[in-house]
Amino acid sequence: TRDILDAHFDLERCCHYLHFALQSGDNDLLKKMNRKHSYDDFKSQVDYLRSRDSLFGISTDVIVGFPGETEEQFENTMKAFQECQFDYAYIARYSPRKQTYAAKMTNHIPAEIKAQRWDRLNSLMYEIIQERNQLMIGREEVILVSKIDEEDGTISGRTRNFREVFLSKNENIRLGDLIPVKIIELDRWVLKGETL
């Protein structure tokens with residue numbers, strides 16, 4: 001609901017990040033999955049959050065290869081990724097679980113097609129993450145330090161919008177510290193920064 005979305009901005013202790021499960025970008029498939037939302041419902045929430053903060057972090061869950069998923073329905077999920085510009089996604093290949101309604105469905109998708117779809121969606125996700133993370137380069141942010149590597153002393157923490165940032169060893173920094181940093185570089189999946 002809108003008040004829950006607004007809480008991310010109105011409450012000091014809330015971050016600008018939400019894990020929000022889409023599952024599929026196709027409305028017919030969402031119904032088959034017994035989901036209570038449509039893609040348009042989902043997209044309107046994403047649009048609202050991003051209208052208030054264009055860098056608002058959104059991650060999601062998606063299932064590829066649900067029984068009966070057509071190529072067109074899968075393409076709708078690809079389109080949803082392009083439109084929503086997710087900052088991360090947990091992409092699963094459908095696997096039947098005993099005693100579930102879906103396990104009793106016919107028209108299960110062959111493993112090789114599920115693997116191809118999983119690979120295509122992951123490749124698209126990687127491209128989108130690169131584009132979204134590029135927007136962070138040069139920004140000054142505060143990170144919450146969540147890990148200090150015992151071997152090399154590398155520090156990592158999260159920004160307010162849940163981007164992971166890595167810093168070089170600094171013996172003055174402790175777990176749980178809030179550290180002002182400047183984000184200086186993108187290294188594949190992660191951002192690198194320097195302390196201010």
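The values are calculated or read from the model by the stated rules, or taken from the named source; none is laboratory data. On a predicted model such as this, the values are computed, not experimentally measured, just so you know. For neighbour counting, all protein chains shown are included, and Cβ atoms are generated from backbone atoms with ideal geometry for every residue, glycine included. Heavy atoms of the whole protein, side chains included, go into the accessibility calculation; ligands, DNA and RNA do not. Shrake-Rupley method; radii C 1.70, N 1.55, O 1.52, S 1.80 Å.
Values as computed for the structure displayed
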{"item": "N27 being within 23 Å of I91 (Cβ to Cβ), at pLDDT below 95 and out of contact with any His (no Cβ under 7 Å at 6 or more places or on another chain)", "result": "no"}
{"item": "In segment 33-62, the residues that are hydrophobic (A, V, I, L, M, F, W, C) and at pLDDT below 95", "result": "M33"}
{"item": "Unique match (being touching a helix residue (DSSP H, G or I) at 6+ places or on another chain (Cβ under 9 Å), surrounded by fewer than 13 Cβ atoms within 10 Å (Cβ to Cβ) and either among the acidic types (D, E) or free of Cβ contacts under 8 Å to residues at least 60 places away in the same chain (or both)) among P180, P96", "result": "P96"}
{"item": "Any pair with Cβ under 7 angstrom, 6 or more apart, that starts in segment 4-20 at a residue that is closer than 27 Å to I91 by Cα and ends at one that is among the basic types (K, R) and outside any helix (DSSP H, G or I)", "result": "C15/R160; H16/R160"}
{"item": "Check on K79, over 13 Å from the mean Cα position of the chain (by Cα) and modelled with pLDDT under 95", "result": "no"}
{"item": "Test: residue in segment 135-158 that is assigned to a helix (DSSP H, G or I), surrounded by 15 or more Cβ atoms within 10 Å (Cβ to Cβ) and touching a strand residue (DSSP E or B) at 6+ places or on another chain (Cβ under 9 Å)", "result": "no"}
{"item": "Selection status of D3, within 16 Å of the chain's Cα centre (by Cα), open to solvent by 10 Å² or more (accessible area, probe 1.4 Å) and over 24 Å from R120 (Cβ atoms)", "result": "no"}
{"item": "Leading residue by the ranking (farthest from E185 (Cα to Cα)) among those in segment 106-125 that are open to solvent by 30 Å² or more (accessible area, probe 1.4 Å) and modelled with pLDDT under 95", "result": "T106"}
{"item": "Candidate set from segment 159-188 (those that are part of a loop (DSSP other than H, G, I, E, B) and touching an Asp or Glu at 6+ places or on another chain (Cβ under 8 Å)); member that is farthest from E131 (Cα to Cα)", "result": "K169"}
{"item": "Selection from segment 74-90 of residues that are of a type in the set (D, E) and open to solvent by less than 30 Å² (accessible area, probe 1.4 Å)", "result": "D87"}
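Conditions (1) buried (at least 16 other Cβ atoms within 10 Å of the Cβ); (2) basic (K, R), marked per residue:
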| position | (1), (2) |
| --- | --- |
| D10 | no, no |
| L30 | yes, no |
| R35 | yes, yes |
| D40 | no, no |
| Y48 | no, no |
| S54 | no, no |
| I58 | yes, no |
| G65 | yes, no |
| E69 | yes, no |
